[in-house]
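Asks: Right, I'll just put the structure down here and ask away after.
What follows draws every value from the coordinates through simple rules; no lab data is involved. Everything quoted here is computed from the prediction, not taken from an experiment. Here the Cβ is made from the backbone with ideal geometry for all residues, glycine too, and neighbour counts use every protein chain on show.
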Amino acid sequence: MKMNIALLRGDGIGPEIVDSAVEVLKKVADKFGHEMNFTPYLIGGAAIDATGKPLPEETVEGCLASDSVLLGAVGGPKWDTLPGDQRPEKALLGIRAAMELYTNLRPARLYPALKDDCPLKAEIAEKGFDLLIVRELTGGIYFGDRGYREGKYGTEAYDTECYSRVEIERIARAAFEAAMVRNKNVISIDKANVLETSRLWRKTVHEIAAEYPEVTCTDMLVDNAAMQLVKNPSQFDVVVTSNMFGDILSDEASQITGSIGMLASASLGKTKRGLYEPIHGSAPDIAGKDIANPIATILSGAMMLRYAFGLEEEALCIEKAVDDVLDAGIRTADISHGEGAIGCKAMTEEILKRI
Ligand code: IPM
Ligand code: MG
């Protein structure tokens, strides 16, 4: 198979971790006889510095013309004082919207080898967990009407949460489809006791649930969900939720896996192309020091092979190499308890050796 992949390295640790994932993808391509071409494009702070814009037109066009997109992370203190619509993060929302990537899959599982890194009580960690957060990615408060206006106490800022039935239907379908090939259990998370958008969310999810009689579907309020995630994470299989709730709960889910440096994600739309990125940020404090954990990005590469190209065996080959490295006790700083950590490049080498 021939694959043209757009690379959005971004800022902070973005370039290091994307380069690691590219090496791993190249090795897999060689092993299985595929041809992979990589084309880099600017995004985020790097794009602001070079062109004045966080998301240059050329980047959007390049991504839309590619077969798939691999992204590192964007943002950093250098660009933190820019107005909201010129910040690096705006590029991330922009590319998600331009590629119509409304489904964000964020799997979180506790690797048996990382049980001691799980901050939960031993008896909870012992049970393990393997869940998939299906986060709506192109709607809700991230994309609603916003601005400043005069209010009761003078000038005020506002953001609005808005969801249409169509947006909820399609993300609900994505969740039920995912559940069909997992443990057939969907928990839909909302704040229906307060928010109108959540009430439409709940009603619509129930309608879609009727199309999937084999899948159990329950509702959970987001505050309770945040609590249940640390109390009993093994109760979750597929979680479906809005853009902002999904952002928050996926960080919480990642922390209980031991490190946010382990979590990959796939952002999908109507086409197979998708955009693949670690769920963590650009970690400017450790950028350029060769200490970042590249695993989340490497696993995002595996998700790309699976979802964009249907290459299940190749995806499993990467996932198995990561399992083996962890089983061998090889650790980057974030999962090392301060002992014997290796760097980003050395971790990449260890994974390459096992492919
Ligand atoms: C994420 C990030 C982004 C988000 C930020 C950087 C805009 O936190 O992908 O989870 O909130 O979606
Ligand atoms: Mg986030």
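Asks: For the stretch 144-183, which chymotrypsin sites (Phe, Trp or Tyr not before Pro) are in a loop by DSSP, counting at most 13 other Cβ atoms within 10 Å? Could you put the intermediate results ahead of the total?
Replies: Numbers: sites: 148, 153, 158, 163, 176; in loops: 153, 163.
Those that pass, being in a loop and sparsely packed, are 153.
Asks: Calculate for the chain the 222 nm mean residue ellipticity that helices alone would give, adding -39,500 (n - 2.57) per DSSP H run of length 4 or more and normalising by residue count, nearest 500 deg cm²/dmol. Walk me through the numbers on the way to the answer.
Replies: Working: 12 runs with 144 residues, N = 355.
Roughly -12500 deg cm²/dmol at 222 nm, from the helical runs in the chain.
Asks: Consider all pairwise Cα distances in the stretch 244-324 and report the whole-number % of them above 21 Å. Don't skip to the answer; put the middle values down first.
Replies: On the way: 1102 of 3240 pairs.
Of all Cα-Cα distances in the stretch 244-324, 34 percent exceed 21 Å.
Asks: Here is a further query. Pick out, from 6, 213, 265, the residue whose Cα sits farthest towards the positive end of the charge dipole of the chain, with +1 on the Cβ of Lys and Arg and -1 on the Cβ of Asp and Glu.
Replies: Positive-end residue among those listed: 213.
Asks: Averaging sequence separations of C-alpha pairs under 8 Å and six or more residues apart, then dividing by the length of the stretch 222-309, give the relative contact order as a whole percent.
Replies: Working: 82 pairs, mean separation 23.2, N = 88.
Relative contact order here is 26 percent.
Asks: Tell me which of 193, 284, 329 sits at the most positive position along the dipole axis of the chain, charges placed on C-beta atoms (Lys, Arg +1; Asp, Glu -1).
Replies: Projecting each Cα onto the dipole axis, the largest value belongs to 193.
Asks: For the stretch 16-90 and the stretch 324-355, what is the separation of their C-alpha centers, rounded to whole Å?
Replies: 25
Asks: Please list, in chain and number order, the residues 5+ apart from residue 132 or on another chain whose amide H is under 5 Å from its amide H, with Hs placed from the backbone.
Replies: HN-HN under 5 Å from residue 132: 108, 238, 239.
Asks: Let me ask another. So how strong a dipole does the stretch 32-135 carry about its Cα centre when Lys and Arg Cβ are +1 and Asp and Glu Cβ are -1, to the nearest 20 debye?
Replies: Details: 11 positive and 15 negative charges, 76 e Å.
Charge dipole of the stretch 32-135: 360 debye, to the nearest 20.
Asks: Order 14-23, 42-51 from most to least packed using the mean count of other Cβ atoms within 10 Å.
Replies: On the way: 14-23: 24.4, 42-51: 22.0.
The packing order, highest mean first, is 14-23, 42-51.
Asks: Under the Kirkwood approximation for Rh and a Cα-based Rg, what ratio Rg/Rh is obtained for the chain? Write down the numbers at each step before the final one.
Replies: Details: Rg = 20.0 Å, Rh = 20.8 Å.
For the chain, the value is 0.96.
Asks: Express the relative contact order of the stretch 138-197 as a whole percentage, based on alpha carbon pairs under 8 Å and six or more residues apart in sequence. Could the numbers behind the result be given before it?
Replies: Working: 44 pairs, mean separation 15.6, N = 60.
Contact order relative to length: 26 percent.
Asks: Where nothing but the Cβ of Lys and Arg (+1) and of Asp and Glu (-1) is charged, how large is the charge dipole of the chain around its Cα centre, in debye to the nearest 20? Walk me through the numbers before you get to the answer.
Replies: Details: 39 positive and 54 negative charges, 78 e Å.
Dipole size: approximately 380 debye.
Asks: Filter the chain for me: DSSP H helices, axial length by Cα at least 24 angstrom, mean Kyte-Doolittle hydropathy not below 0.0. List them by residue number. The partial results should precede the final answer.
Replies: Numbers: long enough: 14-32 (27 Å, 0.16).
Span-like helices here: 14-32.
Asks: Tell me the relative contact order for the chain as a rounded percent, counting alpha carbon contacts under 8 Å between residues six or more apart. Walk me through the numbers on the way to the answer.
Replies: Working: 754 pairs, mean separation 78.0, N = 355.
Relative CO of the chain lands at 22 percent.
Asks: Next up: Within 10 Å of each candidate Cβ there may be at most 13 other Cβ atoms; applying that plus a DSSP loop requirement, which GluC sites (Glu not before Pro) in the stretch 278-328 survive?
Replies: Working: sites: 312, 313, 314, 319; in loops: none.
In loop regions of the stretch 278-328 (DSSP not H, G, I, E or B), there are no sparsely surrounded GluC sites (Glu not before Pro).
Asks: Run the quick spin-label model on residue 339 and residue 290: label points 7 Å from Cα toward the beta carbon, then report their separation in nm to one decimal.
Replies: Using points 7 Å along Cα→Cβ, the separation is 2.5 nm.
Asks: Another one. Collect residues whose amide H, placed 1.01 Å from N in the peptide plane, falls under 5 Å from the amide H of residue 36; neighbours closer than 5 in sequence don't count.
Replies: Correct list: 3.
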